[in-house]
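A short worksheet on the structure shown next.
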Amino acid sequence: MKQEELISIRRELHQIPEIGFEEVKTQNYVKEKIAGMPDNYVTIKEWRTGLLVFVEGHTPSKTIGYRTDMDGLPIKEQTTYSFPSLHEGNMHACGHDLHMTIALGILDHFAHNQPKENLLFIFQPAEEGPGGALPMLQSEVFKQWKPDEIYALHIAPEYPVGTIATRPGLLFANTSELFINLNGIGGHAARPHQANDMVVAASHLVTQLQTIVGRNVDPLDSAVVTIGTIEGGTKQNIIAETARLEGTIRTLSLESMQKVKQRIRGIIQGVETSFDCSATIDWGSTYCQVSNDERLTQAFMNFSEQQKDVHLIECREAMTGEDFGYFLEEIPGTMFWLGVNTPYGLHDARIEPNENAIFTAISHMTAFLSQA
Ligand SMILES: [Zn+2]
Ligand SMILES: [Zn+2]
């Protein structure tokens, strides 16, 4: 594909962000683009709002998977773009528009030049939530074409264009959402003895949650417990009957995740007792760690080091979450960061990734998959 075509694909996808399992227009758009490619040895199948595209190799000894995510986020865009989201309140703020464009670019190359090995292009919905990787892995269509190894990338705002960063072993943390509802008794602000104030209970709870990372997690391990929103009450002179806290948990090991959750349960039971209220916990979407296969990742890094047009960095593990981790639990493979050089982070309403990274990724992955 020509560079102008790739840029227009990215911009058209940017304008139609859809959240998890609602990627109907996105799926149709991708299908239309694939329909414009030669189909002599290409087979396409739908899975919910996702797509699986099988490219038959000429003398295959294995099947290699390449995965992109498809969903946008419920964020109101604040970029300076002339092609902003047309879906008010939704935005591609995590680069999945670039990820899909890159996958289409690589697919287009191999639809014109038959690869030696079989390739499976995976367009996966609902990465941000509720999580599309696990149900897709368990689906019959996926099992039929299950790859022997698998690759994926994620844009990285902090690296310059041309940079690729990864490491063998653990790349991303275990993550879980956290939603807590507290229910007490509302009442008049001047009659606290007749009520049961959930603003006070929530305040104590937030403070106590801070002790988990400080007092319960091994200092040589790492964890994050963040409460991002807190909501309670209805009016300044009414004692709050309910409160809701929303947050996220990140850990570097599955054991720490279990331990953190166990401590949260314990602290909440304590709050229920001390403030005579009732509480519910919902863990929301939980993603397992992204753990790169040692051997394949080392081979990918060796290959990348020899390429003149990319700069390889061996990075540290990060506290981000990615449901690609579920694929890596079952299939050996590699995930890597792709530099897009923007001052704003992932999920920031102002993020404007440098589009030149699309060309870097396509030429790099095309070369890599041709020799893998
Ligand atoms: Zn994201
Ligand atoms: Zn993402």
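The values are calculated or read from the model by the stated rules, or taken from the named source; none is laboratory data. All of these numbers come straight from a predicted model, not from anything done at the bench. Neighbour counts run over all protein chains shown; Cβ positions are idealised from the backbone, glycine included.
What the table below lists for this structure:
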{"read-out": "Residues that are within 16 Å of ligand 2 (Cβ to nearest atom), at pLDDT 95 or above and of a type in the set (Ser, Thr, Tyr), drawn from the stretch 138-177", "value": "Tyr151, Tyr159, Thr166"}
{"read-out": "Residue among Ala156, Ala111 that is under 22 Å from the mean Cα position of the chain (by Cα) and small (Gly, Ala, Ser)", "value": "Ala156"}
{"read-out": "Tabulated pairs, the stretch 90-109, first assigned to a helix (DSSP H, G or I) and at pLDDT below 95, second away from ligand 2 (no atom under 16 Å from the Cβ) and of a type in the set (A, V, I, L, M), C-beta under 9 angstrom, 6+ apart or interchain", "value": "none"}
{"read-out": "Wholly enclosed strands (runs of 3 or more DSSP E) of the stretch 221-324 bearing at least 3 residues closer than 30 Å to Met198 by Cα", "value": "223-232, 242-251, 278-282"}
{"read-out": "Complete set of residues in the stretch 295-349 that are within 16 Å of ligand 1 (Cβ to nearest atom), touching a Gly at 6+ places or on another chain (Cβ under 9 Å) and among the charged types (D, E, K, R)", "value": "Asp323"}
{"read-out": "The stretch 268-286, residues that are of a type in the set (S, T, N, Q) and in contact (Cβ under 8 Å) with a residue 12 or more places away in the chain", "value": "Ser274, Ser278, Thr280, Ser285, Thr286"}
{"read-out": "Boolean, Tyr81 is out of contact with any helix residue (DSSP H, G or I) (no Cβ under 6 Å at 6 or more places or on another chain), among the aromatic types (Phe, Trp, Tyr) and surrounded by fewer than 16 Cβ atoms within 10 Å (Cβ to Cβ)", "value": "yes"}
{"read-out": "Of residues in the stretch 37-81 being of a type in the set (S, T, N, Q) and touching a Phe, Trp or Tyr at 6+ places or on another chain (Cβ under 8 Å), the one farthest from Tyr326 (Cα to Cα)", "value": "Thr43"}
{"read-out": "Among residues of the stretch 61-90, those that are at negative phi and in contact with a Lys or Arg (Cβ under 7 Å, 6 or more places away or on another chain), counted", "value": "3"}
{"read-out": "The stretch 117-157, residues that are in contact (Cβ under 8 Å) with a residue 12 or more places away in the chain, over 26 Å from Pro17 (Cα atoms) and polar (S, T, N, Q)", "value": "Asn118"}
{"read-out": "Among (1) at pLDDT 95 or above; (2) within 16 Å of ligand 2 (Cβ to nearest atom); (3) under 19 Å from Glu158 (Cα atoms), the one test that Val310 misses", "value": "(2)"}
{"read-out": "Qualifying positions in the stretch 46-89 - away from ligand 1 (no atom under 16 Å from the Cβ), of a type in the set (Gly, Ala, Ser) and either within 20 Å of Ile358 (Cβ to Cβ) or not in a loop (DSSP other than H, G, I, E, B) (or both)", "value": "Gly50, Gly65, Ser82"}
{"read-out": "Pick from the stretch 263-287, criterion under 28 Å from the mean Cα position of the chain (by Cα), more than 16 Å from ligand 1 (Cβ to nearest atom) and not polar (S, T, N, Q), ranking: surrounded by the most Cβ atoms within 10 Å (Cβ to Cβ)", "value": "Ile264"}
{"read-out": "Flag for Met100 being closer than 18 Å to Tyr151 by Cα, of a type in the set (A, V, I, L, M, F, W, C), surrounded by 19 or more Cβ atoms within 10 Å (Cβ to Cβ) and within 16 Å of ligand 1 (Cβ to nearest atom)", "value": "yes"}
{"read-out": "Only listed residue being away from ligand 2 (no atom under 16 Å from the Cβ), free of Cβ contacts under 8 Å to residues at least 60 places away in the same chain and within 25 Å of Glu4 (Cβ to Cβ), chosen from Ser82, Ser61", "value": "Ser82"}
{"read-out": "Qualifying positions in the stretch 115-162 - outside any strand (DSSP E or B) and aromatic (Phe, Trp, Tyr)", "value": "Phe142, Trp145, Tyr159"}
{"read-out": "For Gly325: the one exception among (1) under 18 Å from Ile164 (Cα atoms); (2) within 13 Å of ligand 2 (Cβ to nearest atom); (3) crowded, with 16+ Cβ neighbours inside 10 Å", "value": "(1)"}
